[in-house]
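The values are calculated or read from the model by the stated rules, or taken from the named source; none is laboratory data. None of the values given here were measured: they were computed from a predicted structure. Methodologically, a virtual Cβ is constructed for each residue, glycine included, from the backbone with ideal geometry; neighbour enumeration extends over all protein chains shown. Accessible surface areas use protein heavy atoms only, side chains included; no ligands, DNA or RNA. Shrake-Rupley method; radii C 1.70, N 1.55, O 1.52, S 1.80 Å.
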Amino acid sequence: MSWKVRRMMAAREENSMDRPFIYMDYNATTPLHPEVMRAMVEDLEVFANASSMHEAGRRARDRVEVARIQVSRLVGASDPLSIYFTSGGSESNNTVFETARVYGPRSGRKRILTTAIEHPCVIESAKRLQDEGFEVEFLGVDPMGRLDMSALADALDPGRRGREVFLVSVMMANNEIGTIEDIAGVARLAKAVGARVHTDATQAVGKIPVDVVALGVDYLTMSCHKIYGPKGIGALYVAKGAPVEALIHGGHQEKGIRAGTYNNQGIMGFGKAAELALLELEDNSTRLEGLRERLREGIVAAVPDIHVNGHVTHHLPNTLNVSFPGAEGEAILLSLDLEGIEASTGSACASGSLEPSHVLMATGVGPELAHGSIRFSLGRSSTEAEVDYVLEKLPPIIKRLRRFSTLRPKAACDD
Ligand SMILES: *Cc1c(COP(=O)(O)O)cnc(C)c1O
């Protein structure tokens, strides 16, 4: 950790008593919706094992099945049994790649296509298969983060071994820059050569309409803690007829695809969160898009020489990612934190070296812009007053950090 970071963290501890709390990191996780919390507290007494045959077990199981219906409705799945509960987005994504590992070779398909901007749980799963001899391609994106569809079409060309592709995995909305991908278009191309289609919709559900039928996907990943529900619970949608392989072996839960005693509380919380997400989707997204625009316009007006990352139109309503060349993302983040503003940066200082965001690097902005980026992600409790507070605090922070950076050579990390 650099001296600069250490000093800022110490300062943060000192003034933590009297600063406001402005949470703008909803893409990292969300607080529990008050109604989810209430429902979960009531449900805490449902303790029986949902696989038990007795009355209490059956009652617990009924609650699990109600939640399954609620979650299936959120993504337009007509059959609730196409929903498998998992521990979250990471496990759902890993399950899909495990499926590719087992079923790909059986069908003579050992090619996998994904993108360079996926969540690490997809990238790392794909790399593991690469190590095992699968041919994995990480397709590029344009400067606004949209998948290069001609590169995808090329990779899926039957003449170019398109028929050897088992899986095409493209995220529906990017967590860092908010860009929304054309999943229906991806599915059309993939289906034409008989490949399976997966989308990590963890950031999309609850923010934009998601319909597995309209998208035409075989697999769709969700996570509950991104939609105002509890952590450690998620789901994988699996279309009828699509193969699926267990990642966790043991009992017969979830048709043998996901062993382990049912997480009653998590699943019931997920059901409630899914129901509310669907109910509030339109209001939330319209309101948040307005707040995002207010924040974007305010930053553009007050801070010179910035770069707004992500897509101009195809973006999540709540996500704004901005690069401030000449100021390091980590320093901006900590300065904002001192003012009580909780945002995020795509980069992390790991073992003494700053790694620029792989997402921003894939958009081609270059390391300086990738290092100086901040993600503001808004949510259902965000207000206009909070946005205005950020617009008051942010410009002087950037000005100060830029002045500071011209005094010293640009070093990634100090130690
Ligand atoms: C948060 C997130 C995940 C991981 O979900 P967990 O439930 O935290 O494991 C996967 N993909 C995307 C796009 C995410 O934003």
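Annotation note: of 124, 118, the sole residue that is within 16 Å of the ligand (Cβ to nearest atom), open to solvent by less than 40 Å² (accessible area, probe 1.4 Å) and of a type in the set (Asp, Glu) is 118.
In region 203-226, the residues that are in the same structural domain as residue 375 (by TED's automatic domain parsing) form no Cβ pair under 7 Å with any partner that is in a strand (DSSP E or B) and buried (at least 24 other Cβ atoms within 10 Å of the Cβ), whether six or more places apart or across chains.
For region 132-145, the set of residues classified as away from the ligand (no atom under 16 Å from the Cβ) and either assigned to a strand (DSSP E or B) or under 28 Å from residue 370 (Cα atoms) (or both) consists of 135, 136, 137, 139, 140, 142, 143, 144, listed by residue number.
When the residues of region 231-245 are filtered to those that are in contact (Cβ under 8 Å) with a residue 40 or more places away in the chain and surrounded by fewer than 18 Cβ atoms within 10 Å (Cβ to Cβ), which remaining residue is farthest from the ligand (Cβ to nearest atom)? Ranking the qualifying residues of region 231-245, first place goes to 240. State the number of residues belonging to region 214-230 that are assigned to a strand (DSSP E or B) and either open to solvent by 10 Å² or more (accessible area, probe 1.4 Å) or near the ligand (Cβ under 8 Å from one of its atoms) (or both). Of the residues in region 214-230, 2 are assigned to a strand (DSSP E or B) and either open to solvent by 10 Å² or more (accessible area, probe 1.4 Å) or near the ligand (Cβ under 8 Å from one of its atoms) (or both).
Per-residue answers, yes or no, for (1) closer than 25 Å to residue 207 by Cα; (2) in a helix (DSSP H, G or I); (3) open to solvent by less than 40 Å² (accessible area, probe 1.4 Å); (4) touching a residue at least 60 places away in the same chain (Cβ under 8 Å):
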site	(1), (2), (3), (4)
301	no, yes, no, no
365	no, no, yes, yes
369	no, yes, yes, yes
375	yes, no, yes, yes
380	yes, no, no, yes
387	yes, yes, yes, yes
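Confirm whether residue 287 is touching a strand residue (DSSP E or B) at 6+ places or on another chain (Cβ under 6 Å), more than 26 Å from residue 232 (Cβ to Cβ) and either in a helix (DSSP H, G or I) or β-branched (Val, Ile, Thr) (or both). Taking the combined requirement at face value, the residue does not satisfy it. Can you name every residue in region 191-202 that is open to solvent by less than 20 Å² (accessible area, probe 1.4 Å) and either in contact (Cβ under 8 Å) with a residue 40 or more places away in the chain or part of a loop (DSSP other than H, G, I, E, B) (or both)? Within region 191-202, 193, 195, 198, 200, 201, 202 qualify. Got at least one residue in region 71-87 being closer than 21 Å to residue 174 by Cα, within 16 Å of the ligand (Cβ to nearest atom) and either open to solvent by 20 Å² or more (accessible area, probe 1.4 Å) or assigned to a loop (DSSP other than H, G, I, E, B) (or both)? Among the residues of region 71-87, at least one is closer than 21 Å to residue 174 by Cα, within 16 Å of the ligand (Cβ to nearest atom) and either open to solvent by 20 Å² or more (accessible area, probe 1.4 Å) or assigned to a loop (DSSP other than H, G, I, E, B) (or both), which makes the answer yes. All of (1) part of a helix (DSSP H, G or I); (2) among the aliphatic types (A, V, I, L, M); (3) open to solvent by 20 Å² or more (accessible area, probe 1.4 Å); (4) within 30 Å of residue 205 (Cβ to Cβ) hold for residue 332 with one exception: (3).
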